[in-house]
1. Where does helix B:4-21 land angle-wise versus the long Cα axis of chain B, in degrees 0 to 90, nearest 10?
2. Report the normalised scattering of segment B:24-120 as log10 I(q)/I(0) at q = 0.20, 0.22 Å⁻¹, calculated by the Debye formula with identical scatterers on the alpha carbons.
3. Roughly how big is chain B's charge dipole about its Cα centre, with Cβ charges of +1 (Lys, Arg) and -1 (Asp, Glu), in debye to the nearest 20?
4. What's the FRET efficiency of A:Gln175 with B:Glu17 using the Cβ-Cβ distance as r and R₀ = 25 Å, to the nearest 0.05?
5. Report the local net charge at A:Arg138: Lys and Arg +1, Asp and Glu -1, summed over other residues whose C-beta lies under 10 Å from its C-beta.
6. For A:Lys78, list the aspartates and glutamates whose Cα falls under 12 Å from its own Cα; do not include residues on the same chain fewer than 8 positions away.
7. Quick one: if the Förster radius is 22 Å, what FRET efficiency do B:Lys9 and B:Thr94 give, using the C-beta to C-beta distance and rounding to 0.05?
8. Using a 10 Å cut-off around each Cβ, can you sort B:Asp114, A:Asp168, A:Asp141 from fewest to most neighbouring Cβ atoms?
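Rule-based calculations on the coordinates, nothing more; no lab input. Note that the structure is a prediction, hence the values are computed from the model and not measured. All Cβ positions, glycine included, derive from the backbone under ideal geometry; neighbour counts span all protein chains shown.
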Amino acid sequence: MQDISLHLLDIIENSARAEAKKIKIRIILNTSDNLLRLIIEDDGCGMDAETLDRAQNPFYTSKENREKKVGLGIPLFKQNAEQTNGSFNITSEPGFGTVLTVDFALDHIDRMPLGNLKDTLLGSIVGHPEVDFYICLRNKDRGREQSFHFDTAAIKEELGDIPLTYPDVIEYIDQSLTEGIQNTNMEDV
Amino acid sequence: MKTLTDLKKIREKAQEEMKLRGNNVRIKVVVGMGTSGIAMGAREVMKAFLEEIANRNLTDVLVTQTGEKGLSSMEPIVDVIDEANQKVTYGNMTPDKVKKVVVEHIVNGRIVSDYVVATGN
């Protein structure tokens with residue numbers, strides 16, 4: 001994975017496979033604290049302590065009955081954060097969901113770029129119409145703070161039976177996310 | 001700034017269209033979005049499908065994402081499923097190949113056999 005938004009996409013897919021109904025994604029950029037923080041919270045099936053421990057091991061996968069026996073998604077994300085003075089934390093409760101908090105040191109020379117956040121979010125929102133996404137982007141720099149909130153539940157309610165893949169809806173979501181990312185200065189982090 | 005009022009207009013327009021041509025989904029596209037698919041460019045493939053649908057105003061095509069399905073060596077993988085539930089699986093996809101699949105297969109109904117890795121239902 002070349003950037004953080006690709007890892008984010010991978011984590012969103014985990015949440016969707018855990019049958020999450022709601023996925024909350026918060027991205028906080030705090031220049032004064034030299035911090036880029038991602039919090040991904042779902043209400044999926046969750047994991048017990050043993051599974052959670054194994055999920056961070058590359059030779060574990062929840063995808064059974066198949067040849068593939070490695071699961072590199074979480075271990076690679078963890079490694080990429082920890083190797084650049086960041087941290088990686090998952091808490092999970094069976095039946096309630098999973099919360100993942102990943103911190104990156106903003107100025108670390110080997111920190112991955114945030115990457116194309118818009119395409120990660122657009123694809124996930126449209127590609128998982130059964131999941132409600134709540135997205136919050138926040139940029140804090142000393143006294144100033146800009147934020148963007150996007151709630152797909154409100155959009156779906158407004159649309160009724162019109163699918164999210166309806167051409168004008170794709171454009172609507174695309175433009176809303178683009179504006180939000182620009183307004184919080186997250187295009188080039 | 002985009003507002004919910006814009007959505008209301010979209011809904012009214014879409015509902016008018018559906019009155020004319022019905023509410024059916026003709027083609028379903030499923031993009032494999034597992035870890036290896038993502039690493040091989042599945043996000044860009046997904047984006048290319050959404051762009052083509054928006055640009056060509058394809059109102060009867062649905063695109064979704066799913067986890068990987070054990071064809072890791074041919075990622076990114078895409079299934080195109082028709083109304084009769086016939087499935088064509090395309091492999092090693094790129095945004096350029098997506099354009100061709102949309103024009104040839106989804107719009108004109110001709111399978112792009114060069115990119116096919118599996119068929120069935």
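1. The angle comes out near 80 degrees.
2. With one equal scatterer per Cα and no solvent, log10 I(q)/I(0) is -0.92, -1.13.
3. In total the dipole reaches around 360 debye.
4. Taking R0 as 25 Å, the efficiency between A:Gln175 and B:Glu17 is 0.75.
5. +2
6. A:Asp103
7. 0.05
8. B:Asp114, A:Asp141, A:Asp168
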